[in-house]
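Chemist: Sending over a structure as structure tokens; questions will come in a sec.
The numbers here are math on the coordinates, done by the rules we state, and not lab data. Every value quoted in this text rests on a predicted model; they were computed, and no experiment measured them. Quick reminder, even Gly has a Cβ in these numbers, built from the backbone with ideal geometry, and neighbours come from all protein chains shown.
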Amino acid sequence: MPNDTFTIAAKVFSTPNLSRVTIVIPTLGRPEFVERQIAYWSNSQAKIIILDGSKEKITRDSFPLNITYVHQTNGFLQRLRTATGMVNTEFVALLADDEFFLKSGIEDAVQFLDANVQTIGCVGRCLYFFVDQGRFLVSHAYRDWKPFPSQRDDLGMRLDADLPPNKTHMAMYGIYRCEAWQKMFSRAYAVQFSCGYVYERLLNLQRTILGKTEIIESLVWMRSKENPPVVHSDIPRTLGRDFVSWATLPEFVDETLEYQKVALKILVEGGLDKVQATEALHRFFSGGVERQSAKEKNSRKKLLPKIGRAVINYSPRQIRLFCKRHIPTRYLRFTGWEGHEISVALRSLKQLGTKFDETEIEWIVQAALKSDNVVTNIVS
């Protein structure tokens, strides 16, 4: 049976025509958040592919016509590879199961790509969100993202802008032309590694090889802090599997060599000669380790926030929910949970010149508040 928790709210606002767009949503063990996605997207024309790796499949009488549900337990990498063969729209994007793309933001992205035919994809502005004691709170995310150089677009300039010690905006959650997205994800997830942090690096590299992406001044992505990061054998992120440890420990040397082979192939197929590709690979791998090591060194200077985030992210769900619901935000600032009321954030977005649809955001606010109650009841 469908979960009707969000059904009424889902019809509050009209939506743009997104029939040219597919949203791919992997999920694992969070059926309540899948239902929230179904409610959000069911009144749109976007094509939604839900890739469920949970042990138990979601049981409901039916799915909306625009939503394809795939229950496939053979691993996260294989599910993403499956998705690359299912997409047949002009544009496609990946989305986490507990997060949102604003439909108005996706529409702005499509309009931008229509007007900029040489651009392979784009990202928009982002807000983090979570619920604290019945309050929907947000904070700005990724305002430090850097664009590619605007003066001209060529491969050498893109690589220099994106390879360490430099860095451009994230590639993973952008909206792309279908062919580019398929190539990015099929290549980045072709080989399984013992570290979950390597795939985004390969995605960034393949994106940079394929072409230029842009940052649009529209609110596109609402990134959730409601749940800890998914940790699974396919995408290990703990027990020494952080990127620096994985890249430097002798036990993973065979994998790191394979990782560099994959990266080198991307570079050579992109049109670099042997010398150029070797130099770029050094910046990509060794430079990436150096940049991440420096980042972690700076992070260790802020030990309290790091401990707080670890406690929140990896404590049992009941403990996390108790803290979020019963401990005032001012006492949780060290955890990274501190946020602003949505009205404050929207005023800030207006001052920054960022476009957004207030009715969509209101739906997300109400849906997140309802989710907080639903999840709390499930684990109580």
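Chemist: Going by amide H atoms built from the backbone, whose H comes under 5 Å of the H on Arg135, apart from near neighbours?
Modeler: Hits under the 5 Å cutoff: none.
Chemist: Relative contact order for the range 172-281: what is it in percent, counting Cα pairs under 8 Å that are at least 6 residues apart?
Modeler: 29 percent
Chemist: Something else: Taking θ as phi - 60°, what are the ³J(HN,Hα) couplings along the range 292-298 by the Karplus curve (6.51, -1.76, 1.60), each to the nearest whole Hz, with x for Gly and Pro?
Modeler: 5, 4, 5, 5, 5, 4, 5
Chemist: Convert each backbone phi in the range 65-71 into a coupling constant with the Karplus relation 6.51 cos²θ - 1.76 cosθ + 1.60 (shift: θ = phi - 60°), then list the ³J(HN,Hα) values in order as whole Hz, x for Gly and Pro.
Modeler: Going residue by residue, I get 4, 8, 10, 9, 9, 10, 9 Hz, with x marking Gly and Pro.
Chemist: Then there is this: Using a basic spin-label model with each label point 7 Å from the Cα along Cα→Cβ, how many nm lie between Val70 and Ala161?
Modeler: It is 3.2 nm.
Chemist: Can you work out the Karplus-derived ³J(HN,Hα) for every residue in the range 166-174? Use 6.51 cos²θ - 1.76 cosθ + 1.60 with θ = phi - 60°, whole Hz, and x for glycine or proline.
Modeler: Result, ordered by residue: 7, 6, 9, 5, 4, 9, 4, 9, x Hz.
Chemist: Taking the Cβ of each residue in Met222, Met157, Met184, Met170 as the centre, tally the other Cβ atoms inside 10 Å and list the residues starting with the fewest.
Modeler: Met157, Met170, Met222, Met184
Chemist: Another question, then. Near the amide H of Glu99, under 5 Å away, which other amide H atoms are found, from residues 5 or more places off or on another chain, if H is placed in the peptide plane?
Modeler: none
Chemist: Oh, and also: Name the residue from Gly29, Met86, Gly53 whose Cα lies farthest towards the positive end of the charge dipole of the range 25-87, charges +1 on Cβ of Lys and Arg and -1 on Cβ of Asp and Glu.
Modeler: Checked the options; the winner is Met86.
Chemist: Sticking with this structure for a sec: How many lysine pairs in the range 133-251, separated by 8 or more positions in sequence or lying on different chains, have Cα atoms less than 16 Å apart?
Modeler: So the count works out to 4.
Chemist: Using Cβ contacts closer than 10 Å as the measure, can you line up Val117, Val220, Val230 from fewest to most?
Modeler: Val117, Val230, Val220
Chemist: Right, next: Mind giving me the nanometre distance, one decimal, between the label points for Leu369 and Ser245, set 7 Å out from Cα along Cα→Cβ?
Modeler: Label-label distance for Leu369 and Ser245, simple model: 4.1 nm.
Chemist: Once each part is reduced to its C-alpha centroid, what is the distance from the range 24-66 to the range 138-179 in angstrom?
Modeler: Between the Cα centres of the range 24-66 and the range 138-179 lies a distance of 30 Å.
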